[in-house]
Amino acid sequence: MISDKSTTRKNIKRFFLMIFKQNRKLSIVAFVIMLIVSALDLTTPQIMQRILDDAIKLGKIKLLLALAILYALINIVSAAFEVGSGYIYSKIKNGVTVKLKVKLLKHLGKLSGDYYTNIKSGNMLQVMENDIYIVESMGIELVISLVSDAFMAVIALFFLIRMQWDLLLLLMTLEIALGFTQSKFTKILSRKTNELRDDSGVISNLVQEYISNIMLVVMSKSIPKFFRNYIKKEKDILKKYIHFDMIISGNSANVKVVSALITVFTYGYGGYKIIKGHMTFGELIAFEQYVSMFMGPSMRIIRSNTTIQQSAVSINRIFAVIDEPVIIEQDNDGEVFNKDSNGYIEFKHVDFSYGDGSDVINDVNMKFEKGKVSAIVGSTGCGKSTIIKLLFRLWEVNNGCIYIDRVSLKKYNLRNLRKNIAIITQDLLLFDDTIINNITLENKYVSRAEVEYICKKVQIYDFIASLPNGFDTVIGEDGVKLSGGQKQKISIARALLGDSRVIVFDEATSALDNVSQQNIMGNISEFLKNRTTIVIAHRLSTIRNADIIYVMDGGRIVEQGTHDELICKNGHYYNLYYGENIEMLI
Ligand SMILES: Nc1ncnc2c1ncn2[C@@H]1O[C@H](COP(=O)(O)OP(=O)(O)OP(=O)(O)O)[C@@H](O)[C@H]1O
Ligand SMILES: [Mg+2]
């Protein structure tokens, strides 16, 4: 993900403004506290100078005691303020992180089918965990400390100029040399961070793919393939990490040497001035303390540039998700399904293609009516599931229109539309939670009796009841503890429980044997009476009794009618049917 400089600058500004807007009062309090701390700290070298030159040198014990107590008090008060600001930072920081995560995840739920198709879950997890952590650790603390550091450095500089300008000039030359080399390191580091982040995203994806499909990986004997690829990538990135760490070490070594030179000059030239009587010993110590009050904050300001540059990658990645446009608005005040809705769906001359590819759906006309079972059949890849994705508005049609109750789909409130379409797909989504929560999706308005009734109808009740924990059994990630058919039954129960007007079975019974499949479809017919039912199935026996069957080929509807009518046509359907039930012909 490459962003140009102006976008990066804009995003960094946006990020800080976002934190500030969310925590206006707290940020101001923290800022004031930091200024107080800096002001208090700036007085201590003066006191130290007086301790050395006025109290110790002149042997004034009372003055020494008073100054020592004052020195201690100032530091205690300053430390107490720092604890206070630490609490405020923590509060702001953690609040911002949670809000940012929620914002990201919510936004993700609103994006288009195209985005979902191309999304790499490993990269997204990196954004969620790594990037948010990185910006969190930079966060508000950096902004406020930048301002207070600048304040501290300027005042310290003022004292230094007043005390010994020539000594200062010498030190400043070294400082500038340091600043220059640091900015070079910063640039290199930021470039390397970018590269490393992308590489580790690729590795995360690999690992994620391996872990989430571990059972399939083992069964398909793909472990060696995974490791060949994985080890190679890890070896490559290892070299890069070592190189990266060496650059950081080089940077620290550079800082260390220049800092040592600064000390050498302070004491060397300063000592010479004391010997010559141009400076007192107390003044040298105070000067040295001011130097560190100037150097520390200046270094932090320079280093913060590195931190910001490194975090800029993360900030850009976070905003890239947040800025991903919502193609289909969720909360428009559109049409909603009401009690009188018929759930009458019509596709009129619909064309569609994924991205810039060729047409996947071509001039499709279809009708799906309430109380009837409509079926879509056709060979793999002919566009059946795509029809459903268009109905669910994961993608927009290119040409033509889809109507529900004679109103264009685009005029519906998307949230309400999706609530009213229940899809049971081949790729089932089950959560690592109890069976009951997987069926009800934690909808409190569904009673246990209803759940049990439906489970009996889809013939999963006996199985659930036989488990030691019954409906409270946790089914494992992705439902690993269930068979394919059991998962499908649970998904069917889930879909039937909702009050959706439209129910789509997209290969929903493919994992069931013929007898169970027919029994279940018969059992649940009472639930389908007042709903618009669409069934997509490869096994044509499933849809034999459908009221209307659409036969698709290459994105077009090539035949339509009842089973008997289609068989009589002796065309596509006939071939599909007898291709599947070849033994019937013999
Ligand atoms: N997200 C996507 N991006 C790009 N192309 C896609 C996408 N989803 C599906 N396709 C392509 O669109 C065509 C139709 O796919 P679709 O899933 O509708 O087929 P299908 O009829 O449901 O097949 P199956 O019976 O195997 O489920 C296929 O050629 C497929 O490769
Ligand atoms: Mg499909």
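The values are calculated or read from the model by the stated rules, or taken from the named source; none is laboratory data. On a predicted model such as this, the values are computed, not experimentally measured, just so you know. So basically every Cβ, Gly included, is an ideal-geometry build from the backbone, and we count neighbours across all protein chains shown. Only protein heavy atoms, including side chains, enter the accessible area calculation; ligands, DNA and RNA are left aside. Shrake-Rupley method; radii C 1.70, N 1.55, O 1.52, S 1.80 Å.
K91: which aspartates and glutamates have alpha carbons under 12 Å from its alpha carbon, excluding same-chain residues fewer than 8 sequence positions away?
Hits, sequence-local ones excluded: E136, E141.
How far is helix 5-22 tilted off the main Cα axis of the chain, in degrees rounded to 10, range 0 to 90?
The answer is roughly 90 degrees.
Highest mean first, how do 66-75, 276-285, 218-227, 500-509 rank when packing is the count of other Cβ atoms within 10 Å averaged over residues?
500-509, 276-285, 66-75, 218-227
Enumerate the whole-percent occupancy of each 10 Å bin, from 0 to the last occupied one, for all C-alpha pair distances of the stretch 341-481.
Taking every Cα pair in the stretch 341-481, the percentages come to 10, 31, 27, 23, 9, 0.
How big is the shadow of the Cα convex hull of the stretch 345-585, averaged over all directions, in nm²?
Spelled out: convex hull of the Cα atoms, projected over all directions, averaged, 13.8 nm².
Percent relative contact order of the stretch 345-585, based on C-alpha pairs within less than 8 angstrom and at least six residues apart?
28 percent
Have a look at A66, Q49, I274 and report the one farthest towards the positive end of the charge dipole of the chain, computed about the Cα centre with Cβ charges (Lys/Arg +1, Asp/Glu -1).
Highest projection toward the positive end goes to I274.
Tell me the relative contact order for the chain as a rounded percent, counting alpha carbon contacts under 8 Å between residues six or more apart.
15 percent
How much solvent-accessible surface does V32 expose, in Å² to the nearest 10, with a 1.4 Å probe and all protein chains in place?
Its accessible surface works out to 70 Å², give or take rounding.
How large is the Rg to Rh ratio of the stretch 178-267 when both quantities use alpha carbon positions and Rh follows Kirkwood?
Working: Rg = 20.6 Å, Rh = 16.1 Å.
Ratio of gyration radius to Kirkwood radius for the stretch 178-267: 1.28.
How big is the dipole moment of the stretch 406-547 about its Cα centre under a simple scheme where the beta carbon of each Lys and Arg is +1, that of each Asp and Glu is -1, and everything else is neutral? Debye, nearest 20, please.
The calculation lands at about 820 debye.
Would you mind telling me the share, in percent, of accessible area of the chain contributed by carbon and sulfur at probe 1.4 angstrom?
Within the chain, the accessible surface is 59 percent carbon and sulfur.
For the stretch 11-322, what value does the Rg/Rh ratio take when both radii are computed over Cα atoms and Rh is the Kirkwood radius, given to two decimals?
Ratio of gyration radius to Kirkwood radius: 1.11.
Sum -39500 (n - 2.57) across every DSSP H segment of at least 4 residues in the chain, then divide by the residue count to get the 222 nm mean residue ellipticity, nearest 500.
Rounded to the nearest 500, the figure is -21500 deg cm²/dmol.
Taking a cut-off of 21 Å between Cα atoms, list the lysines near K225, but don't count ones fewer than 8 places away on the same chain.
List returned: K120, K233, K235.
What is the Å³ per residue value for the convex hull set by the Cα atoms of the chain? Don't skip to the end; give the middle numbers.
On the way: hull volume 125.8 nm³, N = 586.
About 215 Å³ per residue, rounded to a whole number.
Quick one: check the C-alpha center-to-center distance for the stretch 1-66 versus the stretch 130-178, whole angstrom.
Between the Cα centre of the stretch 1-66 and that of the stretch 130-178, the gap is 10 Å.
Dipole of the chain, Cα-centred, from +1 at each Lys and Arg C-beta and -1 at each Asp and Glu C-beta, to the nearest 20 debye?
The dipole magnitude comes to about 1780 debye.
State the answer as a single residue: which of V535, I237, L394 lies farthest towards the positive end of the charge dipole of the chain, with beta carbon charges of +1 for Lys and Arg and -1 for Asp and Glu, about the Cα centre.
I237
What is the angle, in °, between the Cα long axis of helix 448-457 and the longest principal axis of the Cα atoms in the chain? Nearest 10 is fine, range 0 to 90.
Tilt relative to the chain: about 50 degrees.
Computed from the mean reciprocal separation of all distinct C-alpha pairs, what Kirkwood hydrodynamic radius does the stretch 66-220 have, in Å?
On the way: mean 1/r = 0.0478 Å⁻¹.
Averaging 1/r across every pair of different Cα atoms and inverting gives 20.9 Å.
Keeping all protein chains in place, calculate the accessible area per residue for the chain (probe 1.4 angstrom), answer in Å².
Values: 30870 Å² over 586 residues.
Solvent-accessible surface per residue comes out at 53 Å².
Where a Cα-Cα gap under 20 Å defines reach, which lysines qualify for K239, not counting those fewer than 8 residues away within the same chain?
List returned: K187, K192.
Helix 484-497 against the longest principal axis of the chain: what's the angle in degrees, Cα atoms only, rounded to the nearest 10?
It is inclined by approximately 90 degrees.
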